[in-house]
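Before any comments, here is the structure.
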Amino acid sequence: MNEIQEKVKMRLSAFRLPIFKEIPDNGLYLEQVVQYISMILKPLGEGLITASMISNYVKKKLVDRPVRKFYYRSQIAYLLYITLTKTVFSLDQIGWCISLQKAAADRLEESYEFFRKELERVLHAVCAVQNYGFEPSEEENMAKAMFFNMIVAIANHIYLEQCYLLMDANVSPQGIS
């Protein structure tokens, strides 16, 4: 494993989303939410969320309106989810997933904890590409490992796109079994 791969592995291995109960529930103003989410997601990149993005998610009803200008745990949990998934999916697809979660009567805490734990587990698996059955030799460079992970990402994206295509957009999430 080369130096860059080792740094990526260390960075992603150290990345943690907060446990649901650790997310502030005392009410944060919009700018405080931006700072909080940016601090948590900083290891993954800069500029992941802005105040205008949050306002847009509220307008699109992906996140509940603030209560007297305050955002609470449930809203922040959804914002963490949206911020991480918007790099791969459209806001409509994210909204559909949120609707499915709500229709399944899953408690937000259970859904968030599943997302948090599985994201961390899969990030670790991606760092150790052999978990997918691909074992680059010492002679192979980082480019081949990155190319392989790109293929895995494409395959997962295609799978999810097919799921969305097969779901009739006019059917409510409650009608899906």
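Observations
- Residue count for the stretch 1-13, restricted to those that are farther than 15 Å from Lys42 by Cα, without any contact (Cβ under 8 Å) to a residue 12 or more places away in the chain and among the aliphatic types (A, V, I, L, M): 1
- Of the residues making up the stretch 1-50, those that are β-branched (Val, Ile, Thr) and farther than 17 Å from Val122 by Cβ are Ile4, Ile19, Ile23, Val33, Val34, Ile37, Ile40, Ile49, Thr50.
- Filtering the stretch 140-158 for residues that are modelled with pLDDT under 80, within 17 Å of Val8 (Cβ to Cβ) and assigned to a loop (DSSP other than H, G, I, E, B) leaves a non-empty set.
- Ile37 vs. criteria modelled with pLDDT of 95 or more and part of a helix (DSSP H, G or I): yes
- From the list Thr50, Thr83, the lone residue that is out of contact with any Pro (no Cβ under 7 Å at 6 or more places or on another chain) and in contact (Cβ under 8 Å) with a residue 40 or more places away in the chain is Thr83.
- Residues of the stretch 14-39 satisfying the condition of being of a type in the set (A, V, I, L, M), more than 20 Å from Leu108 (Cβ to Cβ) and in contact (Cβ under 8 Å) with a residue 40 or more places away in the chain: Leu30
- Filter result for Ile49 (among the aliphatic types (A, V, I, L, M), within 24 Å of His157 (Cβ to Cβ) and in contact with a Phe, Trp or Tyr (Cβ under 7 Å, 6 or more places away or on another chain)): no
- Segments classed as helices (runs of 4 or more DSSP H), wholly inside the stretch 51-108, with at least 1 members that are at pLDDT 90 or above, under 14 Å from Ile37 (Cβ atoms) and β-branched (Val, Ile, Thr): 51-59, 73-85
- Looking only at the stretch 36-59, and only at residues there that are of a type in the set (A, V, I, L, M, F, W, C) and exposed (fewer than 13 other Cβ atoms within 10 Å of the Cβ), the one that is nearest to the chain's Cα centre (by Cα): Met39
The values are calculated or read from the model by the stated rules, or taken from the named source; none is laboratory data. What you see is a predicted model, and the numbers here were worked out from it, not measured in a lab. Positions of Cβ are generated from backbone atoms using ideal geometry, with glycine treated the same way; all protein chains shown enter the neighbour counts.
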